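Working notes for the structure below.
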Amino acid sequence: MTATTRITPEPDSQPGDINRQGQFTDGPSHHRRSLAGAVTGSTLEVFDFTIYNTFAPFFAASFFAAGNATTAFLQSLIVLAVGFIARPLGSLFFGHLSDTRGRRISLYATSATALTGTLLIAISPGHNLLGIGAAIVLIVARVLQGFAHGGEQPAAGAYVSEVAKPSNRGRWSSVVYMSILGGGVLGSLLGAVLSSWLGVPTLKAWAWRLPFFVGAIGSISALVMIHRMPETRVFTREKEKVRAQHSGPGLAAQMWAARRSALQIIGLTLGLTIAFQNWAAIGSYHIAILKANASHVLWIAVAVQLVAIPVVGLWGRISDRIGRKPVVLIGFIGLAVTTYPFMRFLDGSAARMALTMGVSYFFLAAPLSVTPALMAELVPTRIRTLGVGFPYALATAIFGGTVPMLQSWTYTAFSHTAFGIYVTAALVVSIVVTLTIPETRWPGPGRR
């Protein structure tokens, strides 16, 4: 046993610097680096999703031999949904790894796996060289990304919730989704710059590959940051406690005991992921379906998400004062009231898109800011990553991954208002589920 694992810090202590023997020492610089390393993967996860969504109208024809651009675009969104199907499997694998070997090791493994998928897309030959093989390569790449992302965010949420004091956990938790929105901003910004600078013909020819190379470089940087992070003290204490007791409840028994929390996490994720993916995909929907100007749409997406980042932090601070539940309910109710009329209001106009996105992201920022802390606080430490990750990934795969495809399909089959009804119904379910959740700002035993 190393000297590090014998250290027993106070419950509310936070990570500090590490000396040459690998022991923790109090220091704010390492505190900040640990937080940055933990959330970098979340930034890249949404960056990957955003660049795929943003550049799908440009690269779809490179992978699919469809008769028209709209059909090829819809096929690329089906592949996007396939990647989400791998998330529950990734949450099981990486969740178990995180809860047995540590949060840091799991974050490192997810970043390495996501890097492989992103690099595959960047270097893959097109349909003109591989035929149907090009689509197969794209599917494999998205499965690798989805597998990795299924374990990344729960591990990051567990890490952040365990290094933060209960009194400021909402503020720290909000950093997870601030980083997620940051990934969306970076992806949209790259799309706006490239579309303005190079133009649509160049993007369709070869430049769509550039953002995937950028994502691969970002993943390499994340690996370096995670390598320098310590393990959380809360996890280390819990692991030592289990060793001292020589045994503990089996994994299946622990998961069964947390079944109510798992159902609540699914219910929370249902409305949140559908609403979030709806507005995250609204840019590509405007470009491919409503035929709006690509450059204008992407710059609006950058501006709205950039403004939303500090709003997420503000809601996190508010939750540390009034609790998690009120903040989540404010956001869900606001979205449920506005989504359907906003979807009716959209017509391809840049001004209407800016208005609806701006108001929607204000309400989205509320549940986004605290759900990592809220979900982590519902589940005991020893199964925290798996107990949060699997139900979260399952709901995200079933409901979140299909949003871009359903959003575009319902418009072509019915009208753009039909999807607004679907989003609103999901939000109503999440409101009801939120009412059943106890306030977790003051965690009970075993849920530090």
- Message: Looking only at the range 428-440, how many residues end up being out of contact with any Asp or Glu (no Cβ under 6 Å at 6 or more places or on another chain), closer than 20 Å to ALA373 by Cα and surrounded by 15 or more Cβ atoms within 10 Å (Cβ to Cβ)?
- Response: 5
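State whether the residues of the range 302-314 include one that is over 30 Å from ALA56 (Cα atoms) and over 18 Å from the mean Cα position of the chain (by Cα). Write out each step before concluding.
Our first condition is that a residue be over 30 Å from ALA56 (Cα atoms); within the range 302-314, this holds for 313-314.
In the following step, the residues that additionally are over 18 Å from the mean Cα position of the chain (by Cα) were identified as 314.
So far as the range 302-314 goes, yes, one or more of its residues are over 30 Å from ALA56 (Cα atoms) and over 18 Å from the mean Cα position of the chain (by Cα).
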- Message: So THR232 passes all but one of these: (1) of a type in the set (Ser, Thr, Tyr); (2) at pLDDT 90 or above; (3) closer than 27 Å to VAL163 by Cα. Which condition number does it fail?
- Response: (2)
- Scan the range 398-424 for residues that are over 24 Å from ILE51 (Cβ atoms), at pLDDT 80 or above and either among the aromatic types (Phe, Trp, Tyr) or loosely packed, with under 15 Cβ neighbours inside 10 Å (or both) and jot them down. ILE421, TYR422
- Query: Across the range 114-152, what is the total count of residues that are touching a Gly at 6+ places or on another chain (Cβ under 8 Å), under 30 Å from ARG233 (Cβ atoms) and not small (Gly, Ala, Ser)?
  - Reply: 3
- Could you tell me whether any residue of the range 2-20 is among the charged types (D, E, K, R), at pLDDT 50 or above and in contact with a helix residue (DSSP H, G or I) (Cβ under 9 Å, 6 or more places away or on another chain)? no
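Give the residue, chosen from GLY183, GLY133, that is of a type outside the set (Val, Ile, Thr) and in contact (Cβ under 8 Å) with a residue 24 or more places away in the chain. Give the derivation first.
On the way: GLY133 fails: in contact (Cβ under 8 Å) with a residue 24 or more places away in the chain.
Step by step, each of GLY183, GLY133 is checked, and only GLY183 is of a type outside the set (Val, Ile, Thr) and in contact (Cβ under 8 Å) with a residue 24 or more places away in the chain.
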- Note on the structure: Flagged in the range 275-291 as buried (at least 21 other Cβ atoms within 10 Å of the Cβ) and of a type in the set (A, V, I, L, M), in numbering order, are ALA275, ALA280, ALA281, ILE282, ILE287, ALA288
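Count, please, the residues in the range 93-123 that happen to be in a helix (DSSP H, G or I) and modelled with pLDDT under 90.
Going residue by residue through the range 93-123, those that are in a helix (DSSP H, G or I) are 93-101, 103-123.
Now narrow it down to the ones that are modelled with pLDDT under 90: 95-96, 98-101, 103-104.
Matching residues across the range 93-123 total 8.
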- Being in contact (Cβ under 8 Å) with a residue 24 or more places away in the chain, out of contact with any Gly (no Cβ under 9 Å at 6 or more places or on another chain) and of a type in the set (Val, Ile, Thr) is the filter here, so list the residues in the range 44-99 that pass it. THR70, ILE78, VAL79
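For the range 249-279, name all the residues that are in a helix (DSSP H, G or I) and without any contact (Cβ under 8 Å) to a residue 40 or more places away in the chain.
First, pick out the residues of the range 249-279 that are in a helix (DSSP H, G or I): 251-257, 259-279.
Within the range 249-279, ALA252, ALA253, TRP256, ALA257, ARG259, ARG260 qualify.
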- Query: How about the range 342-426: which helices (runs of 4 or more DSSP H) wholly inside it have at least 2 residues that are among the aliphatic types (A, V, I, L, M) and over 14 Å from the mean Cα position of the chain (by Cα)?
  - Reply: 350-378, 403-413
- Query: From the list ALA222, ALA207, which residue is modelled with pLDDT of 90 or more, closer than 23 Å to SER161 by Cβ and either surrounded by fewer than 17 Cβ atoms within 10 Å (Cβ to Cβ) or in contact with a Leu (Cβ under 7 Å, 6 or more places away or on another chain) (or both)?
  - Reply: ALA222
- Task: Scan the range 43-79 residue by residue and report those that are β-branched (Val, Ile, Thr), touching a Leu at 6+ places or on another chain (Cβ under 8 Å) and under 16 Å from ALA135 (Cα atoms).
- Result: VAL79
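The values are calculated or read from the model by the stated rules, or taken from the named source; none is laboratory data. Computed from a prediction, not measured in an experiment: that's the story for all the values here. Using ideal geometry, Cβ is built from the backbone for each residue, glycine included, and neighbour counts are taken over all protein chains shown.
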